[in-house]
Amino acid sequence: MPRRRTAAVLLLSLLVGAAATLTVGPRPPSLPSGTAADTGDPALAARVHEVFGDEKGYRGVAVALVSADGAATFAGVGGSRDPDRPAVDESTRFEIGSVTKGLTGMLLAEQVRRGEVSLDDRVGDATLSELATHRSGLPRQAGSGLVTAALTGFSGGDPYSGDAAEVLGLASDADPEGGADPVYSNVGGAAAGDLVAARARTPYPELLRERVLAPLGMDETTVVTSEGDLPPDRARGTSASGVDREPWIAQGWAPAGIGVWSTTSDMARLVAALADGGAPGAIAADPATAFVDDDRIGLFWITKELRGQQVTWHDGGTGGFSSFVGFDRESGRGVVVLANTDADVNAGAVELLLEGRP
């Protein structure tokens with residue numbers, strides 16, 4: 001079949017599939033109006049209903065609010081779609097997506113402190129520092145990944161594949177020059193973590209566990225590299241329109257946020273340790289370099305002024321999940337929001353974090 005005809009047939013198939021989804025597909029999810037499925041603190045659960053309710057495309061939302069002394073309050077609203085554990089709570093695991101880049105930044109900072117890597121180490125002509133501040137010149141996604149992402153957007157499949165060597169090769173072949181204006185890059189995020197792991201001669205999942213997760217007691221955070229490793233106590237993801245989404249798994253892309261699962265309980269530990277400066281590699285969250293829109297960036301962690309407060313944060317989104325982790329640098333308060341649809345949670349998370357601020 002000629003290439004043009006093949007492309008036309010593919011395009012027609014996608015359009016037909018999209019039309020079918022719109023006409024006979026599943027209904028968009030929404031949080032339940034009652035409190036029967038709520039878990040945790042009733043007052044916080046009520047606020048979660050107010051902030052994330054009203055047909056906004058959320059199915060289940062788990063939240064942690066962290067006080068300045070590190071104590072956490074938890075609530076869960078809605079469903080996990082796990083028949084054995086239908087409600088969401090602080091032990092339900094969600095894909096955290098690009099929040100993982102923040103963990104990768106902490107790992108990088110810790111390895112620099114140990115003298116095992118330098119921020120001047122390079123992928124192509126881009127340094128680790130430039131990779132971690134999105135100034136490498138690398139694209140957001142690999143070229144073929146854009147097509148794959150478009151196709152899996154309809155199918156609900158996993159758009160990622162490749163081990164660490166393949167990702168580093170892809171990044172090197174793209175010939176990043178470094179020193180570019182900031183452009184958010186999943187390729188750069190993955191390459192940074194893969195290079196750090198390669199220098200340690202330890203796979204990224206093991207190195208992250210040893211240097212960051214274990215010291216913080218984050219035992220419920222896992223890097224999944226095969227379907228057999230998927231945690232049984234996990235939420236199931238869908239799009240905001242209600243289409244089932246497969247988990248994303250690709251070891252080479254793990255440092256950018258592919259295949260990483262966590263809970264609000266573990267993420268609350270992370271926030272508390274970052275806010276008080278006691279986490280391994282906590283310096284990664286310091287706002288050291290200019291970023292976009294007058295924001296500043298450390299090693300992947302972004303700091304933005306909101307309502308007069310300096311909020312340090314990272315968010316994440318996969319095919320069927322969305323996440324936000326952040327803290328107010330002045331008050332030391334933090335927030336974690338994990339959801340099992342791809343509807344954005346950032347605005348609601350910030351509202352909960354800055355509750356009572358003018």
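The values are calculated or read from the model by the stated rules, or taken from the named source; none is laboratory data. Everything numeric here is computed off the predicted structure, so don't read it as measured data. No Cβ is skipped: glycine too gets one built from the backbone with ideal geometry, and neighbour counts run over all protein chains shown. When the accessible area is computed, the model is the full protein with side chains, heavy atoms only, and any ligands, DNA or RNA have been set aside. Shrake-Rupley method; radii C 1.70, N 1.55, O 1.52, S 1.80 Å.
Numerical summary
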item: The range 124-152 residues that are farther than 23 Å from ILE302 by Cα, paired with ones that are buried (at least 21 other Cβ atoms within 10 Å of the Cβ) and modelled with pLDDT under 90 (beta carbon under 7 Å, 6 or more apart); result: GLY124/PRO176; ASP125/PRO176; GLY145/PRO159; THR148/PRO159; ALA149/PRO159; THR152/PRO159
item: Residue under evaluation ASP219, criteria (1) surrounded by fewer than 17 Cβ atoms within 10 Å (Cβ to Cβ); (2) assigned to a helix (DSSP H, G or I), criterion not met; result: (2)
item: Residue check, ASP315 part of a helix (DSSP H, G or I) and open to solvent by 10 Å² or more (accessible area, probe 1.4 Å); result: no
item: The range 44-68: number of residues that are charged (D, E, K, R) and under 14 Å from PRO28 (Cβ atoms); result: 4
item: Which numbered condition GLY79 fails, given (1) farther than 16 Å from ALA273 by Cβ; (2) touching a helix residue (DSSP H, G or I) at 6+ places or on another chain (Cβ under 9 Å); (3) open to solvent by less than 60 Å² (accessible area, probe 1.4 Å); result: (2)
item: Residue count for the range 275-288, restricted to those that are in contact (Cβ under 8 Å) with a residue 60 or more places away in the chain and open to solvent by less than 50 Å² (accessible area, probe 1.4 Å); result: 7
item: Every residue from the range 229-275 that is under 17 Å from ARG59 (Cα atoms) and part of a helix (DSSP H, G or I); result: THR264
item: Within the range 179-211, considering residues that are in a helix (DSSP H, G or I), of a type in the set (Asp, Glu) and open to solvent by 30 Å² or more (accessible area, probe 1.4 Å), the one farthest from VAL260 (Cα to Cα); result: GLU210
item: Where GLY188 falls short, out of the listed (1) farther than 20 Å from GLY316 by Cα; (2) modelled with pLDDT of 95 or more; result: (1)
item: All positions within the range 196-205 that are more than 18 Å from GLY298 (Cβ to Cβ) and in contact with a helix residue (DSSP H, G or I) (Cβ under 8 Å, 6 or more places away or on another chain); result: ALA197, ALA198, ARG199, ALA200, THR202, PRO203, TYR204, PRO205
item: Members of the range 94-113 that are among the basic types (Lys, Arg) and surrounded by fewer than 24 Cβ atoms within 10 Å (Cβ to Cβ); result: ARG113
item: Residue match in the range 344-357 (condition: at pLDDT below 95 and touching a strand residue (DSSP E or B) at 6+ places or on another chain (Cβ under 8 Å)); result: yes
item: Hits in the range 291-312 (condition: in a strand (DSSP E or B), open to solvent by less than 50 Å² (accessible area, probe 1.4 Å) and either touching a Ser or Thr at 6+ places or on another chain (Cβ under 6 Å) or free of Cβ contacts under 8 Å to residues at least 40 places away in the same chain (or both)); result: ILE297, ILE302, THR303, THR312
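Yes/no per residue for (1) farther than 15 Å from ALA339 by Cβ; (2) not in a loop (DSSP other than H, G, I, E, B):
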| residue | (1), (2) |
| --- | --- |
| GLY57 | no, no |
| VAL63 | no, yes |
| ALA68 | yes, no |
| THR73 | yes, yes |
| GLY76 | no, yes |
| SER91 | yes, no |
| GLY97 | no, no |
| LYS101 | yes, yes |
| GLY105 | yes, yes |
